[in-house]
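Engineer: Can you read through this structure? Questions will come right after.
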Amino acid sequence: MNSLYDAIIVGGGVIGGSIAFQLAKRGKKVLLLEKDRLASKASSAAAGMLGAQAELDADNPLFTLASRSRGMFPALAEELKDISGIDIELVNKGMFKVALSSDQVAELKNMIRVQQGAGLEAEWLSTSEIRKTEPLLSDEIKGAMFIPNDGQVSATRLSLAFTESAAALGVDIKEFVHVSDLVTENGCVTGVVTDIGGFSSENVIVAGGAWSAFLLEKSGIRLDSYPVKGECFSVLTDRPLLEKTIFSHGCYLVPKVGGRIIVGATVKANTFDQKVSLDGISTLIERATQLLPAIKGTELEKTWAGIRPQTGDGLPYFGEHPACKGLFIATGHYRNGILLSPITGVLIADILERKANPEWSPFRLDRSIQPLFS
């Protein structure tokens, strides 16, 4: 095998990049392996929303963690730009979670009460109040939950800023390297096997998103996880149509620099098929037009699909394999990989260094781990 590393990370998306960055800051000798290009899968397909309050209920174990991760972005944006030179395009203009029915009005007002009770900022705005900021929104909108602290970033830029910063701090990064197996000895991981040879480490971190399951089966476990395809499209506008992100049931609109708006996303479970369907895009167009009629006059830029890793209970997996010392797993972030990337890097680095951190206990692997071989 090649030279010994303090840690090997399998997966060069936003999660793997964040972990590499955090470990490098702690002085670890790290190797990051990616089977394609960096940030070429779900990380580059994401719209980049930081929707801690829009996406998650306050009683969800992930809510507190997601809120803390969201709060890390302002300082992180400056740190990553200082090291890598990459601007992650952090936008903190808030988000509207809109209601299109009376039931949704009641649901959002209850959500606001719960979140305000937890000390978070959120308020109800009427249709006329929303129009003061977003005059082009549809008459069908019956009001919205305004979340001032839910923002957005460029998902691709964030992912590349993590890996570029990690590389600047000494991380070895290899693209187009397929990890085919794990090397274990006496119940401990000792390295990985790849198509360009072996690499040695007593710590291997699997952070390959929806593709993590294929490698984990080599270690004798099956996680309760599955892939979910999300289709998106983007349009170009010659004048700004939106200031803030618009989030609704079944559709979101995210305004980006350069007159772009990203529209997403469909939900198609249990498939790795990344083809974009006419059915999926036409459904999104219908929903987007319902929210923002003026979008009909924009130019279609492109369509794409990403494969997101979901788990049976909706919570990600952070932790060490209970039967294989030194094998760590960080996957199952589903729609919140961008939002959770900063805190995931910190938690996995803490876990690897055997630092006690009660924040990760709800996300332990042993809550639903299944042996592959009896």
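The values are calculated or read from the model by the stated rules, or taken from the named source; none is laboratory data. A quick note: this is a predicted structure, and the numbers were derived from the prediction, not measured. Positions of Cβ are generated from backbone atoms using ideal geometry, with glycine treated the same way; all protein chains shown enter the neighbour counts. Note: areas computed on protein heavy atoms with side chains; ligands, DNA, RNA excluded. Shrake-Rupley method; radii C 1.70, N 1.55, O 1.52, S 1.80 Å.
Engineer: Inspect all residues belonging to the stretch 198-206 and state whether any of them is open to solvent by 10 Å² or more (accessible area, probe 1.4 Å), modelled with pLDDT of 95 or more and outside any strand (DSSP E or B).
Structural biologist: Within the stretch 198-206, one or more residues are open to solvent by 10 Å² or more (accessible area, probe 1.4 Å), modelled with pLDDT of 95 or more and outside any strand (DSSP E or B).
Engineer: Let me ask something else. Are there any pairs, at least 6 apart or on different chains, whose C-beta atoms fall under 7 Å, with the first in the stretch 60-80 and under 10 Å from Ile343 (Cβ atoms) and the second open to solvent by 30 Å² or more (accessible area, probe 1.4 Å) and of a type in the set (S, T, N, Q), and if so, which?
Structural biologist: Every condition considered, the pairs that remain are Arg70/Asn149.
Yes/no matrix, rows are residues, columns are (1) in contact with a strand residue (DSSP E or B) (Cβ under 9 Å, 6 or more places away or on another chain); (2) within 28 Å of Gly306 (Cβ to Cβ); (3) at pLDDT below 95:
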| residue | (1), (2), (3) |
| --- | --- |
| Ser126 | yes, no, no |
| Ile130 | yes, no, no |
| Lys142 | yes, no, no |
| Ala167 | yes, yes, no |
| Thr184 | yes, no, yes |
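Engineer: Return the residue satisfying two criteria in turn: it lies in the stretch 212-231 and is aliphatic (A, V, I, L, M), at pLDDT below 95 and within 19 Å of the chain's Cα centre (by Cα), and of such residues it is surrounded by the most Cβ atoms within 10 Å (Cβ to Cβ). Full working, then the answer.
Structural biologist: Taking the stretch 212-231 and keeping what is aliphatic (A, V, I, L, M), we get 213, 215-216, 221, 223, 228.
Going one step further and asking which of them are at pLDDT below 95, we end up with 213, 215-216, 221, 223.
Narrowing further to those that are within 19 Å of the chain's Cα centre (by Cα): 213, 223.
Working: Ala213: 18, Leu223: 21.
If we take residues in the stretch 212-231 being aliphatic (A, V, I, L, M), at pLDDT below 95 and within 19 Å of the chain's Cα centre (by Cα), then Leu223 is surrounded by the most Cβ atoms within 10 Å (Cβ to Cβ).
Engineer: Among the residues of the stretch 98-116, how many are without any contact (Cβ under 8 Å) to a residue 12 or more places away in the chain and of a type outside the set (Asp, Glu)? Please lay out each step first, then the result.
Structural biologist: We begin by selecting, within the stretch 98-116, every residue without any contact (Cβ under 8 Å) to a residue 12 or more places away in the chain; these are 103, 106-107, 110, 113, 116.
Pick out the ones that are also of a type outside the set (Asp, Glu) and you get 106, 110, 113, 116.
Residues flagged as without any contact (Cβ under 8 Å) to a residue 12 or more places away in the chain and of a type outside the set (Asp, Glu) within the stretch 98-116 amount to 4.
Residue-wise test of (1) part of a loop (DSSP other than H, G, I, E, B); (2) open to solvent by 10 Å² or more (accessible area, probe 1.4 Å).
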| position | (1), (2) |
| --- | --- |
| Glu79 | no, yes |
| Ala106 | no, yes |
| Met111 | no, yes |
| Glu121 | yes, yes |
| Trp124 | no, yes |
| Ile130 | no, no |
| Thr133 | yes, yes |
| Met145 | no, no |
| Asn149 | yes, yes |
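Engineer: Might you check whether a residue that is in contact (Cβ under 8 Å) with a residue 12 or more places away in the chain, of a type in the set (Asp, Glu) and open to solvent by 20 Å² or more (accessible area, probe 1.4 Å) occurs anywhere in the stretch 275-283? First the steps, then the outcome.
Structural biologist: So in the stretch 275-283, the residues in contact (Cβ under 8 Å) with a residue 12 or more places away in the chain come out as 275-277, 280-281, 283.
Those left that are additionally of a type in the set (Asp, Glu): none.
Scanning the stretch 275-283, I find no residue that is in contact (Cβ under 8 Å) with a residue 12 or more places away in the chain, of a type in the set (Asp, Glu) and open to solvent by 20 Å² or more (accessible area, probe 1.4 Å), so the answer is no.
Engineer: Let me ask something additional. Please pick out the residue among Ile295, Ile338 that is closer than 25 Å to Val204 by Cα and either surrounded by 15 or more Cβ atoms within 10 Å (Cβ to Cβ) or among the hydroxyl-bearing types (Ser, Thr, Tyr) (or both).
Structural biologist: On the way: Ile295 fails: closer than 25 Å to Val204 by Cα.
Step by step, each of Ile295, Ile338 is checked, and only Ile338 is closer than 25 Å to Val204 by Cα and either surrounded by 15 or more Cβ atoms within 10 Å (Cβ to Cβ) or among the hydroxyl-bearing types (Ser, Thr, Tyr) (or both).
Engineer: Now for a different question. Within the stretch 308-328, can one find any residue that is open to solvent by less than 20 Å² (accessible area, probe 1.4 Å), more than 30 Å from Leu352 (Cβ to Cβ) and not acidic (Asp, Glu)?
Structural biologist: Scanning the stretch 308-328 turns up no residue that is open to solvent by less than 20 Å² (accessible area, probe 1.4 Å), more than 30 Å from Leu352 (Cβ to Cβ) and not acidic (Asp, Glu).
Engineer: Kindly evaluate Ala75 against the criterion of being at pLDDT 95 or above, of a type in the set (A, V, I, L, M, F, W, C) and out of contact with any strand residue (DSSP E or B) (no Cβ under 9 Å at 6 or more places or on another chain). Let's see the steps before the verdict.
Structural biologist: On the way: at pLDDT 95 or above: yes; of a type in the set (A, V, I, L, M, F, W, C): yes; out of contact with any strand residue (DSSP E or B) (no Cβ under 9 Å at 6 or more places or on another chain): yes.
Taking the combined requirement at face value, the residue satisfies it.
Engineer: Which of the following residues is in contact with a Pro (Cβ under 8 Å, 6 or more places away or on another chain), surrounded by fewer than 17 Cβ atoms within 10 Å (Cβ to Cβ) and over 22 Å from Gln104 (Cβ atoms): Gly259, Gly209?
Structural biologist: Gly259
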